[in-house]
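Right, one structure below, let's go through it.
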Amino acid sequence: MLDNARALGDELLGARLVDLDWSIVFMLGLFIVFAFLLTKLITRPLMKSQEQRYVSMEGAREAASKAEIVAAETQLAYEKQHTAARQSAVEVREQIRDAAITSARSTVDSVRAEVNAQIDTSNDELVASAAKARAEMKSHVDELSSALALKLVKAGGKA
């Protein structure tokens, strides 16, 4: 087995990996011809079409950048208007709130004044009714006290 390995090693060492002959020159020539043809037929037309596309899109790019600027300006104007509208709404809300508070206070004050007037009138009527009741009671008290005194005197004489 060792002899077989040596024989194989000697055979491999004697063989060359690449044989240099005229076929390599032919392959190199064929490569150059195909590279030239591909460049002429495919690469250059493709590059020209890419350039034309880039040039035709240049106007669209400029229009897009202008449109972006206009959109930004429009958005800024909208935000300013929105902020002004909010501030106006806050002012109107505050005015309405103040008017409502003022109206509520005036209503409460007028109701309070009316209630106080009714209380005063009721107190006056109550004082007048009390005075009238006292006057009526005084006459009844005088009659009752006289009648009671007479009964006591009569009852005292019999005892």
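Computed from the coordinates by the stated procedures, all read-outs in this text should not be read as laboratory data. On a predicted model such as this, the values are computed, not experimentally measured, just so you know. Virtual Cβ from ideal backbone geometry, glycine too; neighbours counted across all protein chains shown.
Straight-line cross-link reach from residue 138 at under 21 Å between alpha-carbon atoms covers these lysines, not counting any fewer than eight positions away in the same chain: 151. Need the list of lysines near residue 80 for cross-linking: C-alpha distance under 25 angstrom, and skip anything on the same chain fewer than eight residues off. Candidates past the 8-residue exclusion: 66. Of the Cα atoms belonging to the range 31-158, the radius of gyration and Dmax stand at 53.0, 172 Å.
Taking every alpha-carbon pair within the range 47-88, the share separated by more than 12 Å comes to 69 percent.
Once the Cα atoms are used to define both axes, helix 2-14 deviates from the longest principal axis of the chain by about 80 degrees. Counted residue by residue at 0.36 nm each, then reduced by the alpha carbon distance between them, the extension gain from residue 47 to residue 71 reaches 5.2 nm.
Helical content of the chain, expressed as a calculated mean residue ellipticity at 222 nm, amounts to -34000 deg cm²/dmol (DSSP H runs of 4 or more residues, -39,500 (n - 2.57) each, divided by residue number, nearest 500). By the rule of a C-alpha distance below 25 Å, with chain neighbours fewer than 8 residues away ignored, the lysines paired with residue 48 are 40. Projecting the Cα atoms of 156, 145, 56 onto the charge dipole of the range 31-158 (Cβ charges, centred on the Cα centre) puts 56 farthest toward the positive pole.
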